[in-house]
Amino acid sequence: MNMIVCIKQVLDPEAPLSSFRIDPATNTLVPVTAVPFVISPFDEQAVEAALKIKDAKGGKITVVSLGTNLLRDVVKKPLSLGADELILLEDPAFIGGDSWSTAYALAAAIKKVGQFDLIFCGRQAADSDSGQVGACIAEILGLPQVTVAKKIETVDGKVKVDKVTTDGYEVVEVPTPALITVSNELGEVRFATFKGTMASKKKEPIIWKPADIGVDPAKIGAAGRRTKTRKLFQPVRDSKCEIIKGENDEDAAVNLAKKLVEVKLI
Amino acid sequence: MDFDFNDEQKMLQKGARDFFEKECPKSLVKKMAEDEKGNPPELWQKMAQLGWLGLIYPEQYGGSGGNIIDLVALEEEMGRACLPGAFFSTVLLGGLFVLNAGSEEQKKDLLPKIANGKVVLTLALNELNPNYEAAAIEAEAKIEKDDYVISGTKLFVPDAHIADYIICIARTKKSTKSEDGITAFLVDRKSAGINITVLKTIAGDKLCEVAFDKVKVSKKNIVGKLDQAWVPLVKTLQQVTVARCAEMVGGAQKALEMAADHAKKRVQFDRPIGTFQAIQHIIANAMMDVDASRFLTYEAAWKFGEGLQCAKEIAMAKGWTSEAYQRVTAAGEQVLGGIGYTTDGDMQLYYKRAKAAELTLGDGRFQREALAKELGM
């Protein structure tokens, strides 16, 4: 079972809001204090999904990440957990991309990796939350895709996926090769053992530049964007507190109910 | 000069931070402070599975083959998390002494058991005059046929009440040089004549008075060589002191972050209190204390790992960090104001630990005396 997992390095989404400010000129998020980088949490779930299959059925896991200034102690984490290979698309030409131009580059890299059975992506990145890269990769590569997976099983050339829905989940079966985006309902991700962490030292990442994966420079990074961010802002939340009064508690409760009907909340 | 951890150590540290945030919440820390045993079994086993209990032991003894810098990276996170339990007593004090002094047979027997979380060990060193000098060891072990009979009282023995074995440091021979004639015995905690009393502490750590009343121990249970325990004991104490300094650095870092975060959010007089110069200076001083402690600890650890003379560096690291940690947590209490003093809050956990850590392995005065000796005074 050859599996590919796409991961993204992001600023720690658990960092407090006060750690960031928005640059209105570039519509980007700028950290004001030292915020650590991490792997986007849903991508960690994607790695865990691949590891579960490797534990059960064996196979090889190739992790692919696109970005700049990729910190090795961040992006090598999947290697410490049991992934076999790490490929980094690391070049300034990849900067400033949107979901489409990112997916285009990743798809090209995946084609170069060669034969695969499954591609795993996180359901959405923790910074942009677009949730489109996985779907775009599947479209470019002409693969069936199942999104928001909470459980994945491989069965005789097919994969059976429990896909999260708004009121539960549905079971979907697709032939391989296929692409699956993984959600946090998959469960807890494992921690690396000390030996696993030390073993990752021997696995040097493979670096690919645009020329290595045969992409059209006009279709990657900022040059390949199909979307434009018009405005990035933090919504102002103004809360007003109205005390509902009454002669006694029961009276106040009636008045509250009337108010909720009046503002069409019930 | 590169003062940073390598990539793998950073990964270890980040992984440990995530692990402790999930598996060692402050609710568990507070619960263990009140718990009779104080060593959460599930957490202990999970750390064993990650290879952390055997991190510092060679692979041939069932360990993970890590070095002292790896241990420092992990210990910082343990300090940050206020990790309760028997890591200090078992893995460091007891386990490292076995590694440094034990016979091949003892190492092959005990170290894998520690690494797998199967055994709790501790070291009984301090007595009524706990000054970490050889002359302070007065507990006696007298030979009677094939056994030694140990008599004496040991104080502040960590986790003795739950240990499977206690390594007792006792005097087997009187000598003009107090470092000679000291022997280590591996004693089953359930041996006849042992009486253990858990002492009341401020930081939730389980320290015990262990009275040895004519406790019989076989000659085979000497750890290492007869009369020659002092040299490996000194080496063990050096390693453990570095580890403790790292733990203090991690705790101090967390206390600093809590204070800084609070100062940015707490609004008084229509502005965050972090905009007042007095608060800014308090936090800036704390930051300098944390970094100085960190780099003194790293230097001591690096030198130890390289096999270089490092008694001076270890004394500086312990002496400075012991006091810096207290300054940082006191600053944290000041910045947090009323909430800082309540047991609902977390700053008090670090404040208490700072004091407890100062007194372990020699406080600032002890370390200054050691430094003065290093300078030939």
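Residues to consider are B:LEU74, B:LEU93, B:LEU111; find the one that is within 25 Å of B:PHE304 (Cβ to Cβ) and in contact with a strand residue (DSSP E or B) (Cβ under 9 Å, 6 or more places away or on another chain). Give the steps one after another, and end with the answer.
Numbers: B:LEU74 fails: in contact with a strand residue (DSSP E or B) (Cβ under 9 Å, 6 or more places away or on another chain); B:LEU111 fails: in contact with a strand residue (DSSP E or B) (Cβ under 9 Å, 6 or more places away or on another chain).
One residue alone meets the criteria, B:LEU93.
Does B:VAL29 satisfy the condition of being over 19 Å from B:THR297 (Cα atoms), within 14 Å of chain A (Cβ to nearest Cβ) and β-branched (Val, Ile, Thr)? Before you say what the answer is, go through the steps one by one.
Numbers: over 19 Å from B:THR297 (Cα atoms): yes; within 14 Å of chain A (Cβ to nearest Cβ): no; β-branched (Val, Ile, Thr): yes.
No: the conditions fail for B:VAL29.
When you look at B:VAL217, is it without any contact (Cβ under 8 Å) to a residue 12 or more places away in the chain and either under 15 Å from the mean Cα position of the chain (by Cα) or farther than 21 Å from B:GLN367 by Cβ (or both), yes or no?
Numbers: without any contact (Cβ under 8 Å) to a residue 12 or more places away in the chain: no; either under 15 Å from the mean Cα position of the chain (by Cα) or farther than 21 Å from B:GLN367 by Cβ (or both): yes.
Answer is no for this residue.
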Checklist entry - If you check B:ALA203, B:ALA243, which single one turns out to be over 25 Å from B:TYR57 (Cα atoms) and within 17 Å of the chain's Cα centre (by Cα)? => result B:ALA203
Item to check | Failed item, numbered, when B:ASP2 is tested on (1) within 10 Å of chain A (Cβ to nearest Cβ); (2) assigned to a loop (DSSP other than H, G, I, E, B) | outcome: (1)
Item to check | Odd one out for B:GLY305, checked against (1) crowded, with 21+ Cβ neighbours inside 10 Å; (2) at pLDDT 95 or above | outcome: (1)
Next on the checklist: Being surrounded by 20 or more Cβ atoms within 10 Å (Cβ to Cβ), modelled with pLDDT of 95 or more, within 26 Å of the chain's Cα centre (by Cα) and not basic (Lys, Arg) is the requirement here; does B:VAL157 meet it?
Outcome noted: yes
Next on the checklist: For A:THR166, only one of the following conditions fails: (1) without any contact (Cβ under 8 Å) to a residue 12 or more places away in the chain; (2) within 21 Å of the chain's Cα centre (by Cα); (3) closer than 30 Å to B:LYS14 by Cβ. What is its number?
Outcome noted: (3)
Next on the checklist: Suppose we keep only residues that are within 9 Å of another protein chain (Cβ to nearest Cβ) and of a type in the set (A, V, I, L, M) within the stretch B:50-79. Which one would you say is surrounded by the most Cβ atoms within 10 Å (Cβ to Cβ)?
Outcome noted: B:LEU74
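Taking only the stretch B:126-153 into account, find how many residues are aromatic (Phe, Trp, Tyr) and either touching a Ser or Thr at 6+ places or on another chain (Cβ under 6 Å) or over 11 Å from B:PHE212 (Cβ atoms) (or both). Let's see the steps before the verdict.
Here is the first cut: in the stretch B:126-153, the ones aromatic (Phe, Trp, Tyr) are B:132, B:148.
Imposing the further condition that a residue be either touching a Ser or Thr at 6+ places or on another chain (Cβ under 6 Å) or over 11 Å from B:PHE212 (Cβ atoms) (or both) reduces the set to B:132.
The qualifying residues number 1.
Out of B:LYS26, B:LYS30, I need the residue that is loosely packed, with under 14 Cβ neighbours inside 10 Å, over 13 Å from B:ILE114 (Cα atoms) and either among the hydrophobic types (A, V, I, L, M, F, W, C) or touching a residue at least 24 places away in the same chain (Cβ under 8 Å) (or both). Which one? Walk me through it before giving the result.
Values: B:LYS30 fails: loosely packed, with under 14 Cβ neighbours inside 10 Å.
Only one candidate qualifies: B:LYS26.
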Next on the checklist: When you scan the stretch A:208-224, do you find a residue that is modelled with pLDDT of 90 or more, assigned to a loop (DSSP other than H, G, I, E, B), not β-branched (Val, Ile, Thr) and not assigned by TED's automatic domain parsing to the domain that holds A:ASP23, even just one?
Outcome noted: no
Checklist entry - Does the stretch B:187-198 contain any residue that is at pLDDT 95 or above and surrounded by 23 or more Cβ atoms within 10 Å (Cβ to Cβ)? => result yes
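Of all residues in the stretch B:10-19, which are more than 8 Å from chain A (Cβ to nearest Cβ) and surrounded by 20 or more Cβ atoms within 10 Å (Cβ to Cβ)?
Applying the first criterion (more than 8 Å from chain A (Cβ to nearest Cβ)) to the stretch B:10-19 yields B:13, B:16-17.
Selection gives B:GLN13, B:ALA16.
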Next on the checklist: Can you list residue pairs whose Cβ atoms sit under 9 Å apart, with the first residue in the stretch B:306-334 being closer than 18 Å to B:MET377 by Cα and the second being among the small types (Gly, Ala, Ser) and outside any helix (DSSP H, G or I)? Count only pairs 6 or more apart in sequence or on different chains.
Outcome noted: B:ALA315/B:GLY362; B:GLY319/B:GLY362
Item to check | Members of the stretch A:169-195 found to be under 14 Å from the mean Cα position of the chain (by Cα) and not β-branched (Val, Ile, Thr), listed by number | outcome: A:LEU179, A:SER183, A:ASN184, A:GLU185, A:LEU186
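For (1) within 14 Å of chain B (Cβ to nearest Cβ); (2) surrounded by fewer than 21 Cβ atoms within 10 Å (Cβ to Cβ), each residue gets a yes or a no:
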site: A:ILE61; (1), (2): no, no
site: A:SER65; (1), (2): no, no
site: A:LEU70; (1), (2): yes, yes
site: A:LYS76; (1), (2): yes, no
site: A:LEU81; (1), (2): yes, no
site: A:PHE94; (1), (2): no, no
site: A:GLY97; (1), (2): no, no
site: A:THR102; (1), (2): no, no
Checklist entry - Which one of A:ASP84, A:ASP98, A:ASP91 is charged (D, E, K, R), under 15 Å from A:PRO217 (Cβ atoms) and touching a residue at least 12 places away in the same chain (Cβ under 8 Å)? => result A:ASP91
Next on the checklist: Looking at A:PHE42, A:PHE37, can you tell me which residue is more than 14 Å from every other protein chain (Cβ to nearest Cβ), of a type in the set (Phe, Trp, Tyr) and either buried (at least 23 other Cβ atoms within 10 Å of the Cβ) or within 21 Å of A:PHE120 (Cβ to Cβ) (or both)?
Outcome noted: A:PHE42
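Could you grab me the full set of residues in the stretch B:267-323 that are of a type in the set (Phe, Trp, Tyr) and not in a helix (DSSP H, G or I)? Full working, then the answer.
First, pick out the residues of the stretch B:267-323 that are of a type in the set (Phe, Trp, Tyr): B:269, B:276, B:295, B:298, B:302, B:304, B:320.
Matches in the stretch B:267-323: B:PHE269, B:PHE276.
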Next on the checklist: What are the pairs with Cβ atoms under 9 angstrom where one residue, in the stretch B:49-65, is assigned by TED's automatic domain parsing to the domain that holds B:LEU111 and of a type in the set (S, T, N, Q) and the other, located anywhere, is surrounded by fewer than 24 Cβ atoms within 10 Å (Cβ to Cβ) and not in a loop (DSSP other than H, G, I, E, B)? Sequence gap at least six, or different chains.
Outcome noted: B:GLN60/B:LYS107; B:GLN60/B:LYS108; B:SER64/A:LYS195; B:SER64/A:MET198
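Consider the stretch B:347-377. How many of its residues are touching a Phe, Trp or Tyr at 6+ places or on another chain (Cβ under 6 Å) and not in a helix (DSSP H, G or I)?
Within the stretch B:347-377, the first condition is being touching a Phe, Trp or Tyr at 6+ places or on another chain (Cβ under 6 Å), and the residues that meet it are B:354, B:362.
From what is left, the residues that are not in a helix (DSSP H, G or I) are B:362.
Result for the stretch B:347-377: 1.
If you take the residues of the stretch B:257-274 that are away from chain A (no Cβ under 13 Å) and not aromatic (Phe, Trp, Tyr), which of them is farthest from the chain's Cα centre (by Cα)?
B:ASP270
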Checklist outcome for this item: In the stretch B:90-135, residues that are of a type in the set (Gly, Ala, Ser) and closer than 21 Å to B:GLY362 by Cβ total 6
Checklist entry - Mind checking which residues of the stretch A:117-143 are closer than 19 Å to A:ILE53 by Cα and not small (Gly, Ala, Ser)? => result A:ASP117, A:LEU118, A:ILE119, A:PHE120, A:CYS121, A:ARG123
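Is it the case that some residue within the stretch B:83-96 is outside any loop (DSSP other than H, G, I, E, B) and in contact with a Lys or Arg (Cβ under 7 Å, 6 or more places away or on another chain)?
no
The values are calculated or read from the model by the stated rules, or taken from the named source; none is laboratory data. Note that the structure is predicted; figures quoted are calculated from it, not measured. In this analysis, Cβ positions are derived from the backbone assuming ideal geometry, glycine residues included, and neighbour counts consider all displayed protein chains.
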